[in-house]
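Below you'll find the structure, written out as structure tokens, and then a few comments.
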Amino acid sequence: MKPRTRARACALQMLYQAEITQDSIGYVQELFWQSENAPEYVREFANPLVEGTFEHRETIDSAIRSTADNWTLERMPIVDLCILRSATYELLYLVDIPAAVSINEAIELAKTYSTDDSPKFVNGVLDQIKEIASTMTGLEHLRTSGGIS
């Protein structure tokens, strides 16, 4: 498995654990890395992905709400929601990663960790978020506008 693919899988597991347990991200990360034998370069991508997703959760959830037709966040399977959140973080904030890469990685996570219907759902939501992100003039616009509504 490629290092960033593994890092995204680790990030998903931490986000899922935090969502289920309602423990702090720092605590979840500490516990996770105690049991996960991963090289430093995997941790160097996974940790900021988890922290950024959690830090920008309000904006991310707003983007997901505005594009997930007929779905509330509460109705979504938690694993799908965690995949969408981390991939949305990548699309909106990690502009050095091509959108297609972030979306494809999210689809692969959905294939591995969720239901048969999840990859199509994840792809549909993220394609719309990608369109929103592409119309922005960069991260500064996102920060000054207060996010997506």
Exercise for the section: Those residues that are of a type outside the set (V, I, T) and closer than 14 Å to L91 by Cα, I need them from the stretch 49-60; list them, please. Expected result: L49, G52, H56, R57
Exercise for the section: Please indicate, with yes or no, whether at least one residue in the stretch 47-54 is touching a Lys or Arg at 6+ places or on another chain (Cβ under 9 Å), closer than 20 Å to A133 by Cα and hydrophobic (A, V, I, L, M, F, W, C). Expected result: yes
Handout entry: Selection from the stretch 19-30 of residues that are touching a helix residue (DSSP H, G or I) at 6+ places or on another chain (Cβ under 8 Å), in a helix (DSSP H, G or I) and either charged (D, E, K, R) or without any contact (Cβ under 8 Å) to a residue 24 or more places away in the chain (or both)
Key = E19, T21, V28, Q29
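A quick yes/no check of all residues on (1) free of Cβ contacts under 8 Å to residues at least 60 places away in the same chain; (2) of a type in the set (S, T, N, Q); (3) open to solvent by less than 80 Å² (accessible area, probe 1.4 Å):
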{"residue": "P3", "(1), (2), (3)": "yes, no, yes"}
{"residue": "Q17", "(1), (2), (3)": "yes, yes, yes"}
{"residue": "N47", "(1), (2), (3)": "yes, yes, yes"}
{"residue": "E51", "(1), (2), (3)": "yes, no, no"}
{"residue": "D61", "(1), (2), (3)": "yes, no, yes"}
Exercise for the section: Please indicate, with yes or no, whether at least one residue in the stretch 118-135 is within 21 Å of V50 (Cβ to Cβ), part of a loop (DSSP other than H, G, I, E, B) and either at pLDDT 85 or above or open to solvent by 50 Å² or more (accessible area, probe 1.4 Å) (or both). Expected result: no
Fill in the blank from the handout: Considering the stretch 69-115, residues that are among the β-branched types (V, I, T) and closer than 16 Å to I20 by Cβ, and then whichever is surrounded by the fewest Cβ atoms within 10 Å (Cβ to Cβ), we arrive at I78
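The values are calculated or read from the model by the stated rules, or taken from the named source; none is laboratory data. None of the values given here were measured: they were computed from a predicted structure. No Cβ is skipped: glycine too gets one built from the backbone with ideal geometry, and neighbour counts run over all protein chains shown. Please note that ligands, DNA and RNA were not included when accessible areas were found on the heavy atoms of the full protein model with its side chains. Shrake-Rupley method; radii C 1.70, N 1.55, O 1.52, S 1.80 Å.
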